[in-house]
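The block underneath contains the structure these notes are about, expressed in structure tokens.
The values are calculated or read from the model by the stated rules, or taken from the named source; none is laboratory data. These figures come from a predicted structure and were not determined experimentally. Neighbour counts are summed over all protein chains in view; Cβ atoms, including those assigned to glycine, are modelled from backbone coordinates with ideal geometry.
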Amino acid sequence: MTTRPVRHRVPASVVDVVRLSETFVRITLVLGGAHGVRFDDPAGWVKLFVTDPDTGAQVGRAYTVRQQRFAEIDLDIVLHGNGPVARWAEAPLLGEVVTVAGPRGGFTHPEPGPAYLLAGDESAAPAIASILGSLPEGHGRVTAILEGGEHELPPVDPARTSVCSLRRRAGTKKGALLAPALRALPKPSANSVIWVAGEAGAVHEARRLFLGEWGLERGEFTAKGYWKYGEADHRE
């Protein structure tokens, strides 16, 4: 099915809030006036606009659509407390009306067969979870590397899927464990699906590994900086 983009912002009501862990909260929204919109592609995202609890201004940030049920969508938000939307997500009110724009982006699975390498920090965990939950029949070996926090992942086939959770020690900079973990892996086989996202500096180091040591071409992997230290609403 082809995804129809929401070309304008649409209102959405908060209908459920579930604390998944110390790191994540799942906020369920009902989209107003957008019942025909589908979020079929894993790792697709919307821009969520809320009222800054400190300034009263409207602010927006991008979040992966974890799941959809008709007009309802789930957003799994990292509770890092450093931005206005993350602070809002600490205690959203049931029935509160916010605004979303999307869907945007997304991930397309290749034909069954290739192996997968998926890696990222907390910000990329919902996208990785959605990719894992939509793997096609007959997919190849999957290696997933997740840094920081407790991640809610869908059931996977342990015979074909390896999940490595990297726990940071106190004082370790976010993203610092990602590139070393990737560097410790053997170079993926030809035609492997390679998808990495997270802090922009860590993703830059991953790109250097892929292009330099692994000798890949830019079209052979996806690497996205979802956020960047010292930069609000980073866009790459």
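Only one residue in 126, 112, 92, 84 is out of contact with any helix residue (DSSP H, G or I) (no Cβ under 9 Å at 6 or more places or on another chain), surrounded by 17 or more Cβ atoms within 10 Å (Cβ to Cβ) and over 21 Å from residue 234 (Cβ atoms). Which one?
92
Specify the residue that is modelled with the highest pLDDT; the eligible residues are those in region 85-100 that are over 11 Å from residue 28 (Cα atoms) and small (Gly, Ala, Ser).
The residue in question is 89.
Do we have any residue at all in region 179-195 that's outside any strand (DSSP E or B), without any contact (Cβ under 8 Å) to a residue 40 or more places away in the chain and within 20 Å of residue 66 (Cβ to Cβ)?
no
Restricting attention to region 1-58, report how many residues are closer than 21 Å to residue 122 by Cα, touching a Leu at 6+ places or on another chain (Cβ under 8 Å) and modelled with pLDDT under 90.
Going through region 1-58 one residue at a time, the tally reaches 2.
Could you tell me whether region 87-102 includes any residue that is among the hydrophobic types (A, V, I, L, M, F, W, C), touching a residue at least 60 places away in the same chain (Cβ under 8 Å) and assigned to a loop (DSSP other than H, G, I, E, B)?
So far as region 87-102 goes, yes, one or more of its residues are among the hydrophobic types (A, V, I, L, M, F, W, C), touching a residue at least 60 places away in the same chain (Cβ under 8 Å) and assigned to a loop (DSSP other than H, G, I, E, B).
From the list 190, 181, which residue is among the aliphatic types (A, V, I, L, M), more than 15 Å from the chain's Cα centre (by Cα) and over 18 Å from residue 124 (Cα atoms)?
From the options 190, 181, the qualifying one is 190.
Taking region 170-220 as the region of interest, how many residues are touching a strand residue (DSSP E or B) at 6+ places or on another chain (Cβ under 8 Å), at pLDDT below 95 and basic (Lys, Arg)?
Qualifying residue count, region 170-220: 1.
Could we say that residue 150 is out of contact with any helix residue (DSSP H, G or I) (no Cβ under 7 Å at 6 or more places or on another chain), part of a loop (DSSP other than H, G, I, E, B) and surrounded by 13 or more Cβ atoms within 10 Å (Cβ to Cβ) here?
Yes: the conditions hold for residue 150.
Filter region 78-128 for residues that are under 17 Å from the mean Cα position of the chain (by Cα) and charged (D, E, K, R); which is farthest from residue 189 (Cα to Cα)?
Per the criteria, the residue is 104.
Look through region 35-46, keep the residues that are of a type outside the set (Asp, Glu) and buried (at least 18 other Cβ atoms within 10 Å of the Cβ), and return whichever of them is nearest to residue 95 (Cα to Cα).
Per the stated criteria, the residue is 46.
How many residues, within region 200-236, are in contact with a Phe, Trp or Tyr (Cβ under 6 Å, 6 or more places away or on another chain) and either over 22 Å from residue 132 (Cα atoms) or not in a loop (DSSP other than H, G, I, E, B) (or both)?
The total comes to 4.
Here are 172, 161: which of them is surrounded by fewer than 19 Cβ atoms within 10 Å (Cβ to Cβ), over 28 Å from residue 138 (Cα atoms) and over 16 Å from the mean Cα position of the chain (by Cα)?
It is 172.
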